[in-house]
Amino acid sequence: MDRQNEPKALRRILIVEDEPFIAMGLEQLLPRLGYEVPFVASHLRDALAKAETANFDLAILDVNLGGELSYRVADVLLARGIPFVFCTAYADVAFGRYAHAPVLQKPVDKKAVARAIEEALARAKPSRVA
């Protein structure tokens, strides 16, 4: 069988977002871009649990989850070698050790989401996204 004609496995994306309208918009948009959304977390505790144990290829992290910052989730993802994209409405956020991660400005649009995901996956370790 010709491997070039085999369908590629869908990349699985964890959405960490506390605003229902934005989370729902990403849940609807990502499949149209060719991604699967197996998990959505709206609270830090749930996001940490999924980041530590769930099987996914990339995460989109809202920086501020109801007053709690998602940097602890980013740390877990870094330790696991899972790429991520930050999503924020704040223009003046300093990302320090996370400066490598693409940042989506809210409100997000389809092209920006696609570009940020592609950038994060391209920067990831080859063994992680192979």
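Throughout, read-outs are computed from the coordinates displayed, never taken from laboratory work. Every value quoted in this text rests on a predicted model; they were computed, and no experiment measured them. Quick reminder, even Gly has a Cβ in these numbers, built from the backbone with ideal geometry, and neighbours come from all protein chains shown.
Ordered by the count of other Cβ atoms within 10 Å of each Cβ, fewest first, Asp62, Asp109 give Asp109, Asp62. Summary value for the chain: 21 percent relative contact order, contacts being C-alpha pairs under 8 angstrom separated by 6+ residues.
Where both bridge residues fall in segment 10-129, DSSP classifies roughly 10% of the beta bridges as antiparallel.
Taking the empirical scaling 2.2 N^0.38 Å for compact globular proteins as reference, segment 19-72 has a Cα radius of gyration ratio of 1.12.
Computed from point charges on the beta carbon alone (+1 for Lys and Arg, -1 for Asp and Glu), the dipole magnitude for the chain about its Cα centre is near 440 Debye. Ranked for footprinting exposure by Cβ neighbours inside 10 Å, fewest first, Tyr90, Tyr35 give Tyr90, Tyr35. Calculated mean residue ellipticity at 222 nm for the chain: -11500 deg cm²/dmol, from DSSP H runs with n ≥ 4 weighted as -39500 (n - 2.57), summed, divided by the residue count and rounded to 500.
The amide H of Leu104, built 1.01 Å from its N in the peptide plane, has Phe86, Cys87, Thr88 as neighbours under 5 Å, considering only residues 5 or more places off or on other chains.
Pairwise alpha-carbon distances in the chain exceed 19 Å for 45% of all pairs.
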